[in-house]
Each structure stands twice: as structure tokens, then as C-alpha cells.
1. Enumerate the whole-percent occupancy of each 20 Å bin, from 0 to the last occupied one, for all C-alpha pair distances of the chain.
2. Taking the beta-carbon count within 10 Å as an exposure proxy, list F45, F190 from fewest neighbours to most.
3. For the range 245-256, in order, what is each residue's ³J(HN,Hα) by Karplus, 6.51 cos²θ - 1.76 cosθ + 1.60 with θ = phi - 60°, in whole Hz (x at glycine and Pro)?
4. Between K343 and K410, with labels modelled 7 Å along Cα→Cβ, what's the label distance in nm to one decimal, could you check?
5. Which peptide among 178-185, 380-387 comes first, and what is the full order, when sorted by highest mean count of other Cβ atoms within 10 Å?
6. Looking only at Cα atoms, what is the convex hull volume of the range 70-335 per residue, in Å³?
7. Based on the mean of other Cβ atoms within 10 Å per residue, sort peptides 18-25, 105-112, 120-127 so the most packed one is first.
8. So for W32, W266, fewest C-beta neighbours within 10 Å to most, what's the order?
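A short reminder: the numbers here are calculations on the coordinates, not readings from a lab. Quantities reported herein were computed from a predicted structural model and do not represent experimental measurements. Here the Cβ positions follow ideal geometry from the backbone for every residue, glycine too, while neighbour counts run over all protein chains shown.
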Amino acid sequence: MSSSIDNANLLEEVSDITKKLTYGTWRKQASWKPLTVVDAEGCYFVDSSGKRYLDFSSQLMCSNLGHKNKRVIEAIKRQAEKLAYVSPAFATEVRAKLSQKLKEVLPKNLTKYFFATSGTEANEAAVKIVRMFYKKEGKTKIISRYNSYHGSTAASIELTGDFRRIAVNSTGAFPGVVHVPDPYCYRCPFGLSYPECGVACAEFIEYVIKNEGNVGAVIVESVTGTNGVIVPPKEYMPRLREITKEHDVFLITDEVMSGWGRTGEWFAVDHWGVKPDILTTAKGITGAYIPLSLTATSEKLAQFFEHNYFAHGHTYEAHPLTLAAAVAAIEEYQENNLIERAKTIGKYLGERLTELKAKHPSIGDVRGIGLFWAVEIVKNRSTKQPFNTYQDKLEGLPLMTDKVASAMMKDGVYVNSWISHFVIAPPLIITQEEVDKGVEALDKALKLADMEVVE
């Protein structure tokens with residue numbers, strides 16, 4: 001194939017070129033046939049045939065502002081014309097401006113910031129910061145949860161609890177990570193029921209801290225993201241904060257997906273009034289218009305590094321283009337009242353999804369908060385038997401969730417599907433009518449799962 005591709009053939013060949021010359025992530029390559037997307041605006045994107053799709057999951061739960069937001073695009077243009085790049089060793093006006101804006105929206109105890117380009121990097125920075133702080137004490141162990149995803153690099157994949165860590169088989173790449181059960185009430189790992197359980201999942205973390213020894217931090221997704229939008233009981237996060245303080249253990253909250261209005265608050269921890277020692281975030285910080293991540297730390301950590309070496313950094317740290325986009329994104333959230341809007345529209349979305357459970361025997365659970373929801377499907381509602389397992393995913397076998405999602409695509413609605421659930425997290429600008437369109441497509445497609453339910 002010629003290295004020069006004329007415009008007439010580009011749209012026909014781009015999918016084949018993409019498959020041949022680039023990797024499709026988290027999958028076997030042979031079955032990958034990527035759809036060519038050529039345009040996007042508002043809550044919709046368009047393929048090369050001109051077909052429009054409602055973006056019912058904000059792509060990878062990141063396009064919080066929708067597509068073609070003028071303020072963000074113009075901010076990137078202006079910054080590119082003024083100062084596209086400079087070493088992070090220098091100060092820039094946009095770096096100072098974003099830092100001031102962050103003080104308006106972050107938990108008030110977080111006073112110093114490190115900027116990188118992905119959630120993975122934000123979490124890598126967080127655990128490195130903890131280990132640097134506790135180097136003399138030897139408190140190097142990090143507690144994470146099984147049903148978590150914190151990234152794909154050496155440290156962050158070890159923090160990750162789901163099957164992607166197993167597939168990488170990176171044991172030893174970042175030693176000292178201990179995994180614990182999640183506050184997954186629908187499938188309680190302790191076989192208990194809330195609230196009689198006394199939030200045993202939180203109490204167990206204290207048990208692990210006491211018996212492991214040398215624990216420096218606990219890292220949790222405030223609301224679990226890809227692995228099923230697991231919203232913890234209201235007592236969980238406050239109790240976890242108490243436990244970590246009592247044992248002089250840092251609390252890291254991963255808000256890569258749950259931040260920036262997704263749950264109806266600036267950050268999910270705000271629902272419970274919890275102030276973590278470190279907060280990591282990415283995705284919605286720019287609305288996904290350009291890659292940026294944030295690791296925000298407490299004053300205690302900031303003071304430590306005044307006279308101790310901060311052994312971390314990147315070439316693209318605090319990149320001016322990314323910071324300009326973040327300033328514009330925060331202004332969009334603020335001026336258009338999108339955080340409160342996510343709460344209001346999210347309530348309606350939750351009601352519509354809950355209605356489906358009564359109609360479809362394949363729905364085992366509907367859960368969520370704000371504009372962040374999951375619909376979990378099961379083969380048997382009584383036993384909670386899933387249609388598929390993570391082993392099916394690794395082996396590239398067809399998943400029921402993929403069948404349902406494919407049917408929705410035919411009806412012009414895109415939804416993020418995982419092993420046994422769908423992550424429904426549309427842009428915060430979605431209208432009630434667009435919510436109805438998405439839910440109706442899911443309603444129709446779920447009949448495929450209903451036909452294979454076992455009573």
C-alpha cells in the first residue's frame with residue numbers, strides 16, 4: 001500500500017490501516033474491526049458512512065462536556081499561538097491560573113498539585129509520593145481493592161485489582177500491594193447484607209492494616225468506575241477516612257472517572273464530606289479535549305518536600321496546552337451549572353433505568369449516582385449467575401454485553417460494555433429527550449439477553 005493515501009480512499013481504508021499498523025488495547029488483535037469516526041458534536045459522534053450515534057457513555061467516561069465545546073477548543077488554539085510548550089522547570093501564566101482555579105473546586109485540604117497526562121501517571125505519582133514520604137519508616141505497602149482499575153503501567157497495574165492485572169502477569173514489578181474486597185453490596189464478598197453488615201468491608205481494611213504492618217496508604221476509587229459503578233454505602237468512605245487517620249496511613253482517592261461533576265458533585269468524595277490526603281484525577285479535567293491528569297496532595301505532604309527531594313517528573317508535565325484546556329473546562333462546569341445539572345438529569349436517568357429492571361429478567365442490578373450508572377445483567381436473577389466471566393473476555397469469546405451493545409449501535413446509541421454490565425455515563429450536557437433515546441435503545445436490545453435467561 002502506498003504511504004500516500006488520497007482523500008477519496010481514506011475513509012474506506014482508515015479502519016484497515018488502523019488495525020494493521022496500530023494496537024487495539026485490552027483485546028486479541030485478530031477480531032478487532034474498529035469503526036471509523038469522522039466527526040462529533042454535542043452528545044453525538046458520526047461514522048464514515050454519515051451515521052450518527054448518541055454517546056451514552058461519554059466515550060471512555062471522559063467527554064463530560066460533550067464534543068466540539070467552543071470555549072475549550074478556542075483556549076487550546078490561543079495557548080498554542082502564545083506558548084505551546086516550555087519545560088516544566090519554568091513558571092507559566094496558565095499554570096498559575098489553573099492552580100488558582102483548582103483551589104475553588106478541590107477539597108480544601110489539597111494544596112499542592114502535580115500535572116501529568118493520564119490517570120495512570122497520576123496514580124503512579126501518588127504511590128511514589130507516599131513511598132518517598134515513608135522511606136525512613138519503611139511503610140511501603142499500599143492497600144487497593146480487587147474490583148478496581150488504576151491504570152496500565154508497572155505500578156498502576158499492580159494497584160489494579162481486576163483481571164487486567166492477571167493478564168499482564170506483572171507480579172514483582174511493583175511489590176507491596178495488598179488487595180482487599182470492595183463495598184459491592186449486590187455481590188457482597190462477605191455474604192452479608194447492608195445495613196446489618198456494619199459495613200464490614202471498611203472494617204476489614206483496618207484488620208489488614210493492623211496485620212500486614214508497614215502500610216503507607218490505601219487507594220480507592222471513590223465510586224468504582226469501569227468495574228461496575230459501585231457506589232459505597234454512605235458510612236464507608238467516612239469510616240475509611242477514620243481508619244486511615246487512626247493508623248497514620250494516607251488515603252488516596254482515585255477520581256479519574258468519578259470527578260468533574262460525573263456523580264453530581266465536583267468530586268465523589270464530596271458526597272460524604274471526606275478529605276483525602278491525595279486525590280488523583282484526569283478525564284473530565286479537560287473534558288478529554290487534550291490529555292491532562294492531576295495529583296493533588298495535602299499540606300502535610302507539600303511541607304515534607306520543601307526540604308526533601310521530590311524524585312518525580314515528566315517532559316510533558318504541566319504542558320501549557322493541557323492546562324489551558326483545563327481552565328476553560330472548569331469555567332464551563334461553573335458557568336453552565338453542570339455539576340448541579342448532573343444531579344438533576346442523573347436522577348431522571350436513574351429512574352428510567354430502574355424502570356427497565358421490572359421489564360427485563362436479565363437485569364440483576366441497577367445502581368448509580370449523578371450521571372454515573374451501571375446496569376448489570378445476569379443469566380439467573382435468583383442466583384445472580386452471570387452470562388460471562390473475565391476468562392471469557394481474556395479468551396476473546398463473545399459476551400452477552402457485547403451483543404446488547406452491538407444491537408444498540410445499530411439503533412444509533414453507543415454504550416460502554418464490560419463483562420457483565422454497561423457503564424452509562426453520558427455527557428453532562430445531555431437532554432432529557434436524549435436520555436429517553438438511550439434508554440429506549442437499551443430497552444429494545446436487552447431482549448437479546450432476556451431470551452437466554454435461565455429461571
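1. Histogramming the chain at 20 Å steps yields 24, 58, 18, 0 percent.
2. With the fewest neighbours first, F45, F190 line up as F190, F45.
3. Whole-Hz 3J(HN,Hα) from phi for the range 245-256: 5, 4, 9, 6, 10, 6, 9, 9, 10, 8, 10, 4.
4. Result for the modelled spin labels: 4.1 nm.
5. The densest-packed peptide leads the list: 178-185, 380-387.
6. Per-residue hull volume (Cα only) is 128 Å³.
7. Ranked by mean Cβ neighbours within 10 Å, highest first: 120-127, 105-112, 18-25.
8. On the way: W32 15, W266 21.
By the 10 Å Cβ count, ascending, the order reads W32, W266.
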